[in-house]
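Engineer: This is the structure, below, for whatever I ask next.
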Amino acid sequence: MLVTTPVRLVVVTDTPGALLGPAEIRDLAGRLGVRPTKTLGQNFVVDGGTVRKIVRSAGVVAGERVVEIGPGLGSLTLGLLDAGASVVAVEIDPVLARALPGTVATHLPQVAATDRLTVVTADALDLTELPGDAPTALVANLPYNVSVPVLLTFLERFPSLERVLVMVQAEVADRLAAPPGSRTYGVPSAKVAWYASARRTSTVSRSVFWPVPNVDSALVRLERREPPVTTVSRQEVFAVVDAAFAQRRKMLRSALASLAGSADRAERAVRTAGVDPQARGERLAIEAFARVAEALATGAPTDLGPGTVGT
Ligand code: SAM
């Protein structure tokens, strides 16, 4: 069920003291009886400088509608509101969701009468709609255990999102931004490339969180772009991506055999797409995956010569 709580606020830009520090975070958590859980990826940012950096890197402008996933105790929400954005914040933990409006009212005391914060108590993965105006940016310190599915789900379901700035585990940031042919290129890199160009911006020390996680984090910026031009659906292309990486070390001819019905059919489709059937999935850009999916769907001719690795 979608539960929304509109809150009326007036926000003064760049208010000193608007952000939460380590003592305030612990105090707030104590008063709410919140004990951060790993299951929900609850590591809260306790450093105002990091919050400012995220807001700046996201390029948030006053008046912009931003969706934040997992506002937690409100560290980043305050930064976004303070920059003049209007925020729809999606939080799975009902205790945190309920407390957020009060935190905003306390830390941005100039607030009087706007409706710039809407809190949605829900699992972000279940959302098919958002209240209010369509957001143009997603800005979040994502819960690490669901960061990639949340990102892909939002890019798919909310086409109004033009930009994304997320903090994720450093290793995930590498994967999201990896180009074809690199060691870290994989399913998340190829699927995100369907929707957007991705760039890893900066590394964030684990010391800016409470509790301190056992991994470093990094910021990733995405800019939406047109998906590859193809006659097949995104789902068909993603099925090829999944099959190619399910057996990462295998050549495409073998990796796609079961999807194609046989290794020979897979080889024909891969050649038709202009890709070397001896190549592995890690060499293919999303456009090449789309060509392979198209060749599989249309039935590939049998008499083509050797192909080349596509891009
Ligand atoms: N934004 C806050 C910050 O920077 O301090 C908290 C970030 S914390 C890494 C992740 C937040 O996401 C937590 O508040 C957690 O409860 C919430 N969360 C976890 N899984 C979620 C989901 N599936 N949908 C929505 N929120 C989720």
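The values are calculated or read from the model by the stated rules, or taken from the named source; none is laboratory data. Because the structure is predicted, anything quoted here is derived from the model rather than measured. Here the Cβ positions follow ideal geometry from the backbone for every residue, glycine too, while neighbour counts run over all protein chains shown. Note: areas computed on protein heavy atoms with side chains; ligands, DNA, RNA excluded. Shrake-Rupley method; radii C 1.70, N 1.55, O 1.52, S 1.80 Å.
Engineer: Which percent, nearest 5, of DSSP beta bridges in the chain are antiparallel?
Structural biologist: Values: 21 of 38 bridges.
In the chain, DSSP labels about 55 percent of beta bridges as antiparallel.
Engineer: Given a 1.4 angstrom probe, I'd like the percentage of the accessible area of the chain that is carbon and sulfur, rounded to a whole number.
Structural biologist: The C+S portion of the solvent-accessible surface of the chain is 52 percent.
Engineer: Could you check the spin-label model distance between residue 156 and residue 278? Points 7 Å from the Cα along Cα→Cβ, value in nm.
Structural biologist: Taking the simple label geometry, residue 156 and residue 278 are separated by 3.6 nm.
Engineer: Looking at the stretch 23-104, which trypsin sites (Lys or Arg not before Pro) are DSSP coil and have at most 16 other C-beta atoms within 10 Å of their C-beta?
Structural biologist: Numbers: sites: 26, 31, 38, 52, 53, 56, 65, 98; in loops: 38.
The qualifying sites are 38.
Engineer: Once you keep just the Cα pairs under 8 angstrom separated by 6 or more residues, what percentage relative contact order results for the chain? Intermediate results must be reported in sequence, preceding the final value.
Structural biologist: On the way: 634 pairs, mean separation 47.9, N = 311.
Computed over the chain, the figure is 15 percent.
Engineer: Place +1 on the Cβ of every Lys and Arg and -1 on the Cβ of every Asp and Glu in the stretch 197-279, take the dipole about the Cα centre, and give the residue among 233, 269, 203 whose Cα lies farthest towards its positive end.
Structural biologist: Farthest towards the positive pole: 203.
Engineer: For every other residue with a beta carbon closer than 13 angstrom to the beta carbon of residue 99, add +1 if it is Lys or Arg and -1 if Asp or Glu, then tell me the sum. Please list the in-between numbers first.
Structural biologist: Values: positive: 31, 98; negative: 24, 27, 91, 93.
Every neighbour counted, the sum reads -2.
Engineer: Taking every pair of Cα atoms in the stretch 44-111, average 1/r, invert it to obtain the Kirkwood radius, and report Rg/Rh to two decimals. The partial results should precede the final answer.
Structural biologist: On the way: Rg = 11.2 Å, Rh = 12.1 Å.
On the Cα set of the stretch 44-111, Rg over Rh gives 0.93.
Engineer: Could you identify which residue out of 232, 164, 192 has the top mean-square fluctuation in a GNM of the chain using Cα springs shorter than 10 Å?
Structural biologist: 232
Engineer: Compute the orientation-averaged projected area for the stretch 234-299 from the convex hull of its Cα atoms and round it to one decimal in nm². Don't jump to the answer; show the numbers that get you there.
Structural biologist: Numbers: hull surface 13.8 nm².
It is 3.5 nm².
Engineer: Could I ask something else about it? To the nearest 500 deg cm²/dmol, what mean residue ellipticity at 222 nm is calculated for the chain from DSSP H runs of n ≥ 4 alone, each contributing -39,500 (n - 2.57), summed and divided by the residues?
Structural biologist: On the way: 12 runs with 116 residues, N = 311.
One gets -11000 deg cm²/dmol as the mean residue ellipticity at 222 nm.
Engineer: Given labels modelled 7 Å from the Cα in the Cβ direction, how far is it in nm from residue 224 to residue 183?
Structural biologist: Going from the residue 224 label point to the residue 183 one covers 3.5 nm.
Engineer: Okay, next question. Between residue 249 and residue 145, 0.36 nm times their residue separation minus their Cα-Cα distance comes to what?
Structural biologist: Working: separation 104, 0.36 × 104 = 37.44 nm, distance 2.53 nm.
Here the answer is 34.9 nm.
Engineer: Compute the distribution of all C-alpha to C-alpha distances in the chain, in bins of 10 Å from 0, and list the percent of pairs in each, rounded to whole numbers.
Structural biologist: Reading upward from the zero bin: 6, 26, 29, 18, 12, 6, 1, 0.
Engineer: Any chance you could list the semi-axes, whole Å, largest first, of the equivalent ellipsoid that the Cα gyration tensor gives for the stretch 99-207, using √(5λ)? List each step's numbers first, then the result.
Structural biologist: Values: eigenvalues 174, 60, 29 Å².
Ellipsoid half-lengths, sorted descending, are 30, 17, 12 Å.
Engineer: Where does helix 147-157 land angle-wise versus the long Cα axis of the chain, in degrees 0 to 90, nearest 10?
Structural biologist: That helix lies at roughly 80 degrees to the long axis.
Engineer: Lys/Arg Cβ at +1, Asp/Glu Cβ at -1, dipole of the chain taken about the Cα centre: which of 30, 120, 89 is farthest positive-ward?
Structural biologist: 30
Engineer: Determine the per residue accessible area of the stretch 234-299 with all protein chains present and a 1.4 angstrom probe, expressed in square angstrom. Walk me through the numbers on the way to the answer.
Structural biologist: Working: 2800 Å² over 66 residues.
So the stretch 234-299 comes to 42 Å² accessible per residue, rounded to a whole number.
Engineer: Once R0 is set to 22 Å, what does the formula 1/(1 + (r/R0)^6) return for the Cβ-Cβ distance between residue 205 and residue 37, expressed as a FRET efficiency to the nearest 0.05? Spell out each step's value before the answer.
Structural biologist: Values: r = 22 Å, r/R0 = 1.01.
That gives a FRET efficiency of 0.50.
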